[in-house]
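Visitor: One structure, pasted below without further comment.
Nothing in this text is a laboratory measurement; each read-out follows from the coordinates by a stated rule. Please read all numbers here as calculations on a predicted model, not as lab measurements. No Cβ is skipped: glycine too gets one built from the backbone with ideal geometry, and neighbour counts run over all protein chains shown.
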Amino acid sequence: MEHMNIFAQDAQATRVDTHVDQMLEQLKRLLVENINPELKLDQIDPDDSILEDGLGLDSIKVVELIVLIEKNFGFTFTEDELSMDAFASLRTLAKFVADRRGRQTV
């Protein structure tokens, strides 16, 4: 029985990773197509900061990104969700949005 639980956990972790990877690609495209066309998809390091010292987004562009995410993924950030933790990097943002979308479908 324990082996089945381990396999189920591995399968669930793989699904989560796949959703995060897909979300990461979608967020990269949003950035390049709508916010900073000077960025190249293959040059975006998902672990770099979203802000000026990483991907170069100032506060106005971060607000634009938030609006794009809300429009494209069908949810509105709550005040509590607009923390710096979620926006630390593109990867953390992708994990947050993937999780948030997952909670919507339940």
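Visitor: Take the alpha-carbon centre of region 81-97, take the same for region 27-80, and report the distance between them in whole Å.
Guide: Between the Cα centres of region 81-97 and region 27-80 lies a distance of 10 Å.
Visitor: Around Ser89, which amide H atoms from residues at least 5 apart in sequence, or from another chain, sit under 5 Å from its own amide H, with H modelled in the peptide plane?
Guide: Distant-sequence amide H within range of Ser89: Ile50.
Visitor: Run the quick spin-label model on Lys71 and Asp99: label points 7 Å from Cα toward the beta carbon, then report their separation in nm to one decimal.
Guide: So the label points at Lys71 and Asp99 sit 2.7 nm apart.
Visitor: How large is ³J(HN,Hα), in whole Hz, for each residue of region 51-68 in order, when computed from phi with the Karplus curve 6.51 cos²θ - 1.76 cosθ + 1.60 and θ = phi - 60°, using x for Gly and Pro?
Guide: 6, 3, 7, x, 7, x, 8, 8, 4, 5, 5, 5, 4, 4, 4, 4, 4, 4
Visitor: So, one more: Can you give the extra length, in nm with one decimal, that the chain gains between Glu52 and Gln22 once fully stretched, where that is 0.36 nm per residue apart less the Cα-Cα distance? Intermediate results must be reported in sequence, preceding the final value.
Guide: Values: separation 30, 0.36 × 30 = 10.80 nm, distance 2.43 nm.
In short, 8.4 nm is gained.
Visitor: Among Val67, Val32, rank each residue by its count of other Cβ atoms within 10 Å, from fewest to most, as a rough exposure measure. Write down the numbers at each step before the final one.
Guide: Details: Val67 12, Val32 16.
By the 10 Å Cβ count, ascending, the order reads Val67, Val32.
Visitor: Just to confirm the filter: which trypsin sites (Lys or Arg not before Pro) across region 28-101 are DSSP coil and have at most 13 other Cβ within 10 angstrom of their Cβ?
Guide: Counting only loop positions with at most 13 other Cβ atoms within 10 Å, the trypsin sites (Lys or Arg not before Pro) in region 28-101 are Lys40.
Visitor: Loop-only check: which GluC sites (Glu not before Pro) in region 41-97 are DSSP coil with at most 12 other Cβ within 10 angstrom?
Guide: On the way: sites: Glu52, Glu64, Glu70, Glu79, Glu81; in loops: Glu52, Glu79, Glu81.
For GluC sites (Glu not before Pro) across region 41-97 that sit outside H, G, I, E and B with at most 12 neighbouring Cβ atoms in 10 Å, the list reads Glu52, Glu79.
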